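Undergrad: If you scroll down you'll find the structure; I have some questions about it.
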Amino acid sequence: YSPTLQISQPNEFDIMLVIPVERLQLDESDDTGAYYYITFKRNPKEKYLLKFLDEDGKLSAFKMLQALREIIKQEVKNFKNVEVTVKRKKAGSPAITLQIKNPPSEISVDIILTLEVKHSCLPSTQDGLKIEQWLGTKVRRDFKSRSVYLVAKQNKREKVLRGNTWRLSFSHIEKEMMTNHGHSKTCCESDGTKCCRKGCLKLLKYLLEQLKMKYPKELEKFCSYHVKTAFFHSCVMWPNDTDWILGDLDHCFQKCLGYFVECLQKSQLPHFFIPQYNLLSLEDKASNHFLARQISHQLNNRF
């Protein structure tokens with residue numbers, strides 16, 4: 001598990017609980033290309049999963065999360081020397097959150113139920129991950145050949161929330177892109193030149209975090225994934241390591257922010273892996289513009 005680029009203090013951790021599954025059929029549940037219904041092809045190997053099908057024969061994320069939640073609740077009772085509680089369920093969240101009270105500080109751990117499907121490239125992801133100029137064609141080919149990961153995530157756009165949609169997840173690839181982020185292989189290695197890409201992303205996340213604390217109501221639609229996506233697009237627009245020289249952090253940060261503000265003004269931020277999926281919908285135009293104004297204000301007043 002990893003503290004995902006935590007800024008202030010690393011007190012939140014994510015663990016993907018990965019269940020490999022075979023012989024699954026994935027059907028897009030809407031036009032985003034991100035959400036899927038899952039059904040089994042003939043006689044699945046994973047017989048134990050059949051009890052989690054809903055009345056339409058779709059694999060129910062809701063039922064699986066419920067069962068996992070019960071198992072975890074039972075298990076945490078057995079911990080002797082540390083106080084662990086399972087936090088109350090958040091509607092539509094793919095995670096089961098553990099609160100671990102242990103001096104020196106309290107941490108929370110999100111356990112995210114994830115299915116791993118050996119699956120050929122899905123049509124909606126075909127044109128995504130445009131990293132050829134930045135990380136190279138070979139790396140893109142390697143990423144494309146990976147298994148598909150799906151997390152138990154409710155699609156909020158559905159009229160009736162049945163809890164039977166699953167959302168594609170690319171966090172494993174995102175993590176690798178952040179680890180091996182250079183155009184040259186040696187970027188940020190002990191003997192290589194240092195760059196400011198990670199610093200940029202941390203600042204972007206920190207700024208959004210601070211603004212969300214200041215305007216929780218107006219900015220509730222936004223999450224760190226928005227700035228992460230804008231950041232990845234920035235890495236593609238400025239693919240060379242010389243575009244991200246360590247001493248240029250403030251300049252690079254402002255370039256990334258400028259790009260993000262443009263996206264907000266147009267209400268147009270394509271998902272990095274699923275280009276047809278716009279993460280900023282036009283219905284939220286008002287809050288998109290609100291955030292654009294707040295960021296511009298910060299930029300003009302030197303934060």
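Undergrad: If the requirement is being open to solvent by 40 Å² or more (accessible area, probe 1.4 Å) and in contact (Cβ under 8 Å) with a residue 40 or more places away in the chain, which of these qualifies: I274, I245? Lay out the reasoning, then the answer.
TA: Working: I274 fails: open to solvent by 40 Å² or more (accessible area, probe 1.4 Å).
None of the others qualify; the one that does is I245.
Undergrad: Quick one: which strands (runs of 3 or more DSSP E) lie wholly within region 60-176 and hold at least 1 residues that are within 30 Å of D243 (Cβ to Cβ) and among the small types (G, A, S)?
TA: Working: elements: 83-86, 95-101, 107-117, 148-151, 166-169.
Correct list: 166-169.
Undergrad: Pick from T97, T85, T114, T137: which is surrounded by 16 or more Cβ atoms within 10 Å (Cβ to Cβ), assigned by the TED database to the domain that holds S169, among the hydroxyl-bearing types (S, T, Y) and without any contact (Cβ under 8 Å) to a residue 60 or more places away in the chain? Explain how you work it out, then say what you get.
TA: Working: T85 fails: surrounded by 16 or more Cβ atoms within 10 Å (Cβ to Cβ); T114 fails: without any contact (Cβ under 8 Å) to a residue 60 or more places away in the chain; T137 fails: surrounded by 16 or more Cβ atoms within 10 Å (Cβ to Cβ).
Criteria check complete, one pass: T97.
Undergrad: Answer with yes or no whether W238 is closer than 22 Å to E176 by Cα, open to solvent by 20 Å² or more (accessible area, probe 1.4 Å) and either among the aromatic types (F, W, Y) or not assigned by the TED database to the domain that holds R293 (or both). Even if it seems obvious, please write down each step before you answer.
TA: On the way: closer than 22 Å to E176 by Cα: yes; open to solvent by 20 Å² or more (accessible area, probe 1.4 Å): yes; either among the aromatic types (F, W, Y) or not assigned by the TED database to the domain that holds R293 (or both): yes.
Criteria met by W238.
Undergrad: If I go through region 202-222 residue by residue, how many of them are closer than 20 Å to P270 by Cβ and open to solvent by 60 Å² or more (accessible area, probe 1.4 Å)?
TA: Initially, region 202-222 is screened for residues closer than 20 Å to P270 by Cβ, giving 204-205, 208, 221-222.
Imposing the further condition that a residue be open to solvent by 60 Å² or more (accessible area, probe 1.4 Å) reduces the set to 221.
So the answer is 1.
Undergrad: Name the one entry in V148, V139 that is within 21 Å of M64 (Cα to Cα) and of a type in the set (V, I, T). Let's see the steps before the verdict.
TA: Details: V139 fails: within 21 Å of M64 (Cα to Cα).
Just a single option satisfies the conditions, and that option is V148.
Undergrad: Taking into account only those residues within region 20-54 that are hydroxyl-bearing (S, T, Y) and under 30 Å from D127 (Cβ atoms), which is surrounded by the fewest Cβ atoms within 10 Å (Cβ to Cβ)?
TA: T39
Undergrad: Follow-up question, since we're still on this one. Report, ordered by the first and then the second residue, all pairs with beta carbons closer than 6 Å, sequence separation of six or more or different chains, a first member in region 26-48 that is more than 13 Å from T165 (Cα to Cα) and of a type in the set (D, E, K, R), and a second member that is modelled with pLDDT of 85 or more and surrounded by 15 or more Cβ atoms within 10 Å (Cβ to Cβ).
TA: Going by the 6 Å Cβ cut-off, the qualifying pairs are E46/V21.
Undergrad: Can you pull out the residues in region 1-18 that are at pLDDT below 70 and farther than 19 Å from A152 by Cα? Give the steps one after another, and end with the answer.
TA: Let us first name the residues in region 1-18 that are at pLDDT below 70, namely 1-9.
Those that are at pLDDT below 70 and farther than 19 Å from A152 by Cα: S2, P3, T4, L5, Q6, I7, S8, Q9.
Undergrad: Sticking with this one: Would a scan of region 191-210 turn up a residue that is assigned to a helix (DSSP H, G or I), closer than 30 Å to D27 by Cα and at pLDDT 95 or above?
TA: The first filter runs over region 191-210 and keeps only residues assigned to a helix (DSSP H, G or I), leaving 197-210.
Right, trim to closer than 30 Å to D27 by Cα and you get none.
No - not one qualifying residue is present in region 191-210.
Undergrad: If I filter region 94-114 for residues that are of a type outside the set (S, T, Y) and at positive phi, do I get at least one hit? If you could, list the steps in order and put the result at the bottom.
TA: Residues of region 94-114 of a type outside the set (S, T, Y): 94-96, 98-104, 106-107, 109-113.
Filter again for at positive phi, leaving none.
Checked against the condition, which is being of a type outside the set (S, T, Y) and at positive phi, region 94-114 yields no hits at all.
Undergrad: So which residues in region 221-242 are among the charged types (D, E, K, R) and either free of Cβ contacts under 8 Å to residues at least 40 places away in the same chain or assigned to a helix (DSSP H, G or I) (or both), if there are any at all?
TA: Within region 221-242, the subset among the charged types (D, E, K, R) is 221, 228, 241.
Within region 221-242, K228, D241 meet the criteria.
Undergrad: Continuing with the same structure: Out of curiosity, is G57 at positive phi, surrounded by 14 or more Cβ atoms within 10 Å (Cβ to Cβ) and assigned by the TED database to the domain that holds V109?
TA: Numbers: at positive phi: yes; surrounded by 14 or more Cβ atoms within 10 Å (Cβ to Cβ): no; assigned by the TED database to the domain that holds V109: yes.
No; evaluated as a whole, the condition is false for this residue.
The values are calculated or read from the model by the stated rules, or taken from the named source; none is laboratory data. None of the values given here were measured: they were computed from a predicted structure. Methodologically, a virtual Cβ is constructed for each residue, glycine included, from the backbone with ideal geometry; neighbour enumeration extends over all protein chains shown. All accessible areas refer to the heavy atoms of the entire protein, side chains included, with ligands and DNA or RNA removed. Shrake-Rupley method; radii C 1.70, N 1.55, O 1.52, S 1.80 Å.
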